[in-house]
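See below for the structure under consideration.
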Amino acid sequence: IWITIGGGESVQFKEGKLWKNYEKKEAYEAEEGSFAANVLTSLNYVSQTEVGLELVNEIAGDEDFRVDIEKTSFTNKFSRRKQKISYLPNFGLETFGEGGEEGIQSPAVGLIHELGHAKIQKDVLKEFGRDSKEFRKHINKSGDKLLEEENEVVRKYETPVAKELNEKFGANEGIRVANERYSAYENAADDVRVLGPTSTEKKNAKTTKKKN
């Protein structure tokens, strides 16, 4: 896992730390409040859970599968073609239950969701290769196939992590369910600004566009 820090430079996340050069054991000290520091906090937060730790370690430990995380001002998203995650470390997904109760998902749980998409791509590459028709189908996935992947990521990664971290939000204590329209969820609304990457507390009423 690589984190873009600006100026065309990136640092590597591995073994719970940031590195300028992992092979030479040259550590990177991220400035407090910086994007790199927020990503580090996020990854270590979700790694407190069994599912989160396994997923983060698998992605970070595979030298043949590079995933970059970059700052965005729009919404969290995994780009299949670029193999990059766009991440908002100060915005969490607002959710609601069938009875109208409201909750907020921490930004860090949003990041584990995107790493779940990366894991699916990693598995396709491992099984079929980058030049295969199966990989091309994966890259161009849409409609029901994309909806299936969204629900798989929520079920296998996002929900177990949220539950173990006691982020009991929305319907069924953290379970989100995608409806028939891609990227629309029956019990999720907008991203809202929160106090930090591991927070579920709203900072103000400012929102971004709906999350993919």
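Candidates Val51, Val56, Val67: the one that is out of contact with any Asp or Glu (no Cβ under 6 Å at 6 or more places or on another chain), of a type outside the set (Lys, Arg) and under 19 Å from Gly6 (Cα atoms) is Val67.
Answer with yes or no whether Ala37 is open to solvent by less than 30 Å² (accessible area, probe 1.4 Å), closer than 21 Å to Leu147 by Cβ and out of contact with any Gly (no Cβ under 9 Å at 6 or more places or on another chain). It would help to see each step written out before you state the result.
Numbers: open to solvent by less than 30 Å² (accessible area, probe 1.4 Å): yes; closer than 21 Å to Leu147 by Cβ: no; out of contact with any Gly (no Cβ under 9 Å at 6 or more places or on another chain): yes.
Considered against the rule, which asks whether it is open to solvent by less than 30 Å² (accessible area, probe 1.4 Å), closer than 21 Å to Leu147 by Cβ and out of contact with any Gly (no Cβ under 9 Å at 6 or more places or on another chain), Ala37 comes out as no.
Scanning the stretch 130-143 for residues that are surrounded by 11 or more Cβ atoms within 10 Å (Cβ to Cβ) and outside any helix (DSSP H, G or I) yields Ser132, Asn140, Lys141.
Inspection of the stretch 123-138 finds no residue satisfying the criterion of being in contact (Cβ under 8 Å) with a residue 40 or more places away in the chain and either among the small types (Gly, Ala, Ser) or in contact with a Pro (Cβ under 6 Å, 6 or more places away or on another chain) (or both). If the condition is being of a type in the set (S, T, N, Q), open to solvent by less than 10 Å² (accessible area, probe 1.4 Å) and either at pLDDT 85 or above or outside any strand (DSSP E or B) (or both), then the stretch 69-119 contributes Thr75, Asn76, Gln105, Ser106. Answer with yes or no whether Gly170 is in a loop (DSSP other than H, G, I, E, B), of a type in the set (Gly, Ala, Ser) and modelled with pLDDT of 55 or more. In short, no. Between Phe78, Phe91, Phe74, the distinction of being touching a strand residue (DSSP E or B) at 6+ places or on another chain (Cβ under 6 Å) and more than 19 Å from Val153 (Cα to Cα) belongs to Phe91 only.
Close contacts from the stretch 15-40, counting a first residue that is under 11 Å from Pro197 (Cα atoms) and touching a residue at least 60 places away in the same chain (Cβ under 8 Å) and a second that is aliphatic (A, V, I, L, M) and open to solvent by less than 100 Å² (accessible area, probe 1.4 Å), with Cβ to Cβ under 6 Å and a gap of 6+ residues or different chains, come to Val39/Ile3; Val39/Ile69. How many of the residues making up the stretch 57-68 are outside any strand (DSSP E or B), touching a residue at least 40 places away in the same chain (Cβ under 8 Å) and surrounded by 13 or more Cβ atoms within 10 Å (Cβ to Cβ)? Selection size over the stretch 57-68: 7.
The values are calculated or read from the model by the stated rules, or taken from the named source; none is laboratory data. Just so you know, these numbers come straight off a predicted model, no measurement behind them. Neighbour counts run over all protein chains shown; Cβ positions are idealised from the backbone, glycine included. These area figures cover heavy atoms from the full protein model, side chains too; ligands, DNA and RNA do not enter into them. Shrake-Rupley method; radii C 1.70, N 1.55, O 1.52, S 1.80 Å.
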